[in-house]
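K.L.:
First the structure, which I've put down as structure tokens, then a few questions once you've had a look.
Only the coordinates and a few stated rules stand behind these numbers; no lab work does. As the structure is a computational prediction, the values presented were derived from the model and not from experiment. As a convention, Cβ positions derive from the backbone with ideal geometry for all residues, glycine included, and neighbour counts pool all protein chains shown.
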Amino acid sequence: MAGLLSNFRNTMIVSLLLAGVMIYSFGAGRFDDPIFWQGLLRWAHVVAGILWIGLLYYFNFVQIRKMPDIPAELKPAVSKYIAPEALFWFRWAALVTVIAGLIVALLRGHTYLHETLSLGLAGGFQPTDSGFTLMGVGMWLGIIMMLNVWVFIWPNQQIALGLKEGHDADAKAKAAKTAMLFSRTNLLLSLPMLASMTMYQTLVG
């Protein structure tokens, strides 16, 4: 067991196989049921979302706050090894989260997708459409957060970390601050986004 757990790749392979057994058991006899595929995509949405938001919280709760305290000679260990790897999983997890979430919404029906993305206005707003509005707000917050990752955080982090050559110290400092501000924006948006997702699924379904 120690040999298995000491190897990241093997640990993840076994975890995926066990998850596959669970998914197959839930889906046995209903693989042609759209609800099964909705459940499978929801699982992927949640897994990717945990990785994405977990790394967002790591950056904001730990790395950004503690970097000023790290001795200068040790900072390259973070900027050259840890941060690029974390940003790889961070940006792709963000994209998978949003895509899987939109597919889940689509599998619930075109009407559901239109109503949530339009904040309940697609068919003319009714008082009973407030759930669509609240869920739609969460969906749009997630989409905005994903765009922040790809359009602002990742390009500026590439400059700040020296992954793109040809930028002086001032440009790197400016890029680092821009990336930090958009990361903090995502931190600010994350709790209302999660409130939308979790409260909707609990109270509306």
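K.L.:
Treating the angle as unsigned and between 0 and 90°, give the value, to the nearest 10°, between the Cα long axis of helix 8-27 and the longest Cα principal axis of the chain.
P.N.:
Compared with the principal axis, the helix lies near 10 degrees.
K.L.:
Neighbour counts of other C-beta atoms within 10 Å: give me THR178, THR128 arranged from fewest to most.
P.N.:
THR128, THR178
K.L.:
Give me the percent relative contact order of the chain, please, defined on Cα pairs under 8 angstrom at least 6 residues apart.
P.N.:
So the answer I get is 19 percent.
K.L.:
With r as the distance between the Cβ atoms of PHE26 and PHE125 and R0 = 41 Å, compute the FRET efficiency 1/(1 + (r/R0)^6) and round to 0.05.
P.N.:
0.70
K.L.:
What does the C-alpha gyration tensor say about the overall shape of segment 1-102? Classify as rounded when a/c is under 1.5, otherwise prolate if a/b is larger than b/c, or oblate.
P.N.:
oblate
K.L.:
Let me ask something additional. Order 13-21, 41-49 from most to least packed using the mean count of other Cβ atoms within 10 Å.
P.N.:
The peptides rank, most packed first, as 41-49, 13-21.
K.L.:
Still on this structure, I have one more. Pop out the ³J(HN,Hα) list for segment 30-38 in order, Karplus 6.51 cos²θ - 1.76 cosθ + 1.60 with θ = phi - 60°, rounded to Hz; leave Gly and Pro as x.
P.N.:
Residue by residue, segment 30-38 yields 9, 5, 8, 8, x, 5, 4, 5, 5 Hz.
K.L.:
Under 11 Å from a label point 7 Å along Cα→Cβ of ALA77: give me every residue in segment 39-69 with its amide N that close.
P.N.:
none
K.L.:
Cut-off is 10 Å between beta-carbons; in what order do TRP154, TRP89 appear when sorted fewest neighbours first?
P.N.:
Going from least to most buried by this count: TRP89, TRP154.
K.L.:
May I pose another question? Computed from the mean reciprocal separation of all distinct C-alpha pairs, what Kirkwood hydrodynamic radius does the chain have, in Å?
P.N.:
Answer for the chain: a Kirkwood hydrodynamic radius of 19.2 Å.
K.L.:
May I pose another question? Could you let me know the centre-to-centre spacing of segment 80-154 and segment 37-70, using Cα atoms, in angstrom?
P.N.:
15
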